[in-house]
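What follows is one structure encoded as structure tokens, with my remarks underneath.
The values are calculated or read from the model by the stated rules, or taken from the named source; none is laboratory data. Everything numeric here is computed off the predicted structure, so don't read it as measured data. Neighbour counts run over all protein chains shown; Cβ positions are idealised from the backbone, glycine included.
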Amino acid sequence: MYKPDFKVTPRVYRLLEEITAIKEQIRASAVKVPWVPSLVKDAMARAAWGSTAIEGCTLSLEAVNGLLEGKKALGYPNKDVRMAQNYLAALEWLQKHEKAEHITEKDVLALHALMGEGACDDGPIGVYRHVDVRAGLHVAVPWKQVPVLMRELLHWVDTGAKELPAVFSSAILHLRFVEIHPFRDGNGRLARALATWQLYRTGFDTLHIFSLDEVLLENRSLYIKALQRVQVEGEDLGTWLEFMSEAVLETLERVQERITAIGLKEKGLSVSLTLRQEKLLRTLRERGPMGIRDISRALRVTVPGAHYALKPLLKVGVIFTQGKHKNTKYVLKESF
């Protein structure tokens, strides 16, 4: 039977503590306001965009948002549009089944069929592969072993996984699924969807406002390398858990910033934060007053680029200045 073996470093425990603290802050903030549905919609779009873009889908985040609103994504390959549409449909299915007691083989096959319709290059959808395959440097298990290994994995989800933190059980399900690689195509998308479902089922993301796939997309090379370290290089599973814990923490920090952005609108301040501005607010909150050159280095942009990010936030009073000329420091308003 499947039983993951791993070592956890002290740093991972610290990451889990930070994750727990921010998650509770988000929950406390979100349950008090009427705009949770907009966060759910935003998370769905970012998740669908992120997960499909990792697989080469060309749709922009704006185009995926448009699909959620019933608009057509014009000018994109039909396969890419179907990929995004299918992922959104899969997320809706997962939300309807968020409290499912079990993840069954029937569920896995149905989700693959839903996500793969018109969006897979190789093989039939909704059935396990009947050929041996490899994914990059990783040689997947022989096809005849797939049914047994999948049953063992799903049994572990029902048993041993319950003894682990949700972040761990989700990450291990993700990794083991792509190790088995049960289908000819679409394994990555389905692995990330199942990992999201595990976070729903364990009560980690009860509001459905987290979009981990967006962070994985932005760190795609590190994400693939983290998988390869375990799958190909034989490193301890703990390295994967550390990577995914970092990704979850980054995801939660971004959600917190988006709650702030919507809160600004509630206060009558018209500003929509970019990812760079979210990082800027988080950096100022962590470090305190900063000069423009320090900000440019933190954001990894030019000084004019830093000024561009600052300008709308200065205008609405989220950030203010201290000092003059070369001694100017930028400070985050205490209420934010």
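Among the residues of the stretch 298-336, those that are in a helix (DSSP H, G or I) and either touching a Gly at 6+ places or on another chain (Cβ under 6 Å) or loosely packed, with under 12 Cβ neighbours inside 10 Å (or both) comprise Pro304, Lys311, His325, Lys326, Asn327. Within the stretch 289-306, at least one residue is at positive phi and among the charged types (D, E, K, R).
Evaluate the following for Phe177: is it among the aromatic types (Phe, Trp, Tyr), at pLDDT 95 or above and either out of contact with any Phe, Trp or Tyr (no Cβ under 7 Å at 6 or more places or on another chain) or outside the structural domain of Ile26 (by TED's automatic domain parsing) (or both)?
Yes.
Given the structure, is Leu39 at pLDDT 95 or above and under 25 Å from Asp80 (Cα atoms)? Against the criterion (at pLDDT 95 or above and under 25 Å from Asp80 (Cα atoms)), Leu39 does not qualify.
Can you say whether Ala84 is in contact with a strand residue (DSSP E or B) (Cβ under 9 Å, 6 or more places away or on another chain), touching a residue at least 12 places away in the same chain (Cβ under 8 Å), of a type in the set (Gly, Ala, Ser) and surrounded by 19 or more Cβ atoms within 10 Å (Cβ to Cβ), as far as the supplied structure shows?
Details: in contact with a strand residue (DSSP E or B) (Cβ under 9 Å, 6 or more places away or on another chain): no; touching a residue at least 12 places away in the same chain (Cβ under 8 Å): yes; of a type in the set (Gly, Ala, Ser): yes; surrounded by 19 or more Cβ atoms within 10 Å (Cβ to Cβ): yes.
The answer is no for Ala84.
Under 21 Å from Arg11 (Cβ atoms) and at pLDDT 90 or above, is that true of Val230?
yes
Within the stretch 196-226, the set of residues being crowded, with 22+ Cβ neighbours inside 10 Å, of a type in the set (Gly, Ala, Ser) and closer than 17 Å to Val255 by Cβ comprises just one member, Ser211.
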